[in-house]
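J.: Take this structure, written in structure tokens, and hold onto it; I'll ask about it next.
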Amino acid sequence: MLLTLFASPAGAQTNCAPRLVVIERLADRYGESRRSIGLGANNAVVEVFASIETGTWTITVTSPGGLTCLVASGQAYEALQEHPAKSGEQL
């Protein structure tokens, strides 16, 4: 399901585009919305988008400059409410 958002002039395809373009494409084509967010290295924003209806999911990374790149995508998304394991407890 990895998306090709636009092609470079040389014909090579990339999985990066302005953030708004990526979010709209994920919503329109896959029904995905943001499910979680975090801050990664170099102040990059890492987000998980998913659709409860279809089970598709996508992980994106957005640079401080606003360019968003698709990192991974797949199927069978499931939201969990797990708590950290206590010392000696097996998951």
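The values are calculated or read from the model by the stated rules, or taken from the named source; none is laboratory data. In this text, all values refer to a predicted model and were calculated from it rather than measured experimentally. Every residue, glycine as well, gets a Cβ built from its backbone with ideal geometry; the counts of neighbours run over all protein chains shown. With ligands, DNA and RNA removed, areas are computed over all heavy atoms of the protein, side chains included. Shrake-Rupley method; radii C 1.70, N 1.55, O 1.52, S 1.80 Å.
J.: For region 66-85, give me each residue that is among the hydrophobic types (A, V, I, L, M, F, W, C) and part of a loop (DSSP other than H, G, I, E, B). Even if it seems obvious, please write down each step before you answer.
T.: Here is the first cut: in region 66-85, the ones among the hydrophobic types (A, V, I, L, M, F, W, C) are 67, 69-72, 76, 79-80, 85.
Ala76, Ala79, Leu80, Ala85, listed by residue number.
J.: For a quick check of your reading of the model, give me the residue pairs whose first member lies in region 77-89 and is more than 24 Å from Tyr30 (Cα to Cα) and free of Cβ contacts under 8 Å to residues at least 24 places away in the same chain, whose second is open to solvent by 100 Å² or more (accessible area, probe 1.4 Å) and in a loop (DSSP other than H, G, I, E, B), with beta-carbon atoms closer than 9 Å and at least 6 apart or on different chains.
T.: Taking only residues 6 or more apart or on different chains, the pairs are Glu82/Leu91; Ala85/Leu91.
J.: Kindly indicate whether any position in region 28-43 is open to solvent by 50 Å² or more (accessible area, probe 1.4 Å), more than 23 Å from Ala76 (Cα to Cα), at pLDDT 95 or above and touching a strand residue (DSSP E or B) at 6+ places or on another chain (Cβ under 8 Å).
T.: Looking for residues that are open to solvent by 50 Å² or more (accessible area, probe 1.4 Å), more than 23 Å from Ala76 (Cα to Cα), at pLDDT 95 or above and touching a strand residue (DSSP E or B) at 6+ places or on another chain (Cβ under 8 Å), one finds at least one in region 28-43, hence yes.
J.: What single numbered condition from (1) touching a Phe, Trp or Tyr at 6+ places or on another chain (Cβ under 8 Å); (2) part of a strand (DSSP E or B) fails to hold for Ser36?
T.: (1)
J.: I'd like the full set of residues that are open to solvent by less than 30 Å² (accessible area, probe 1.4 Å), in a loop (DSSP other than H, G, I, E, B) and not hydrophobic (A, V, I, L, M, F, W, C), limited to region 44-65.
T.: Across region 44-65, the qualifying residues are Ser51, Gly55, Thr56.
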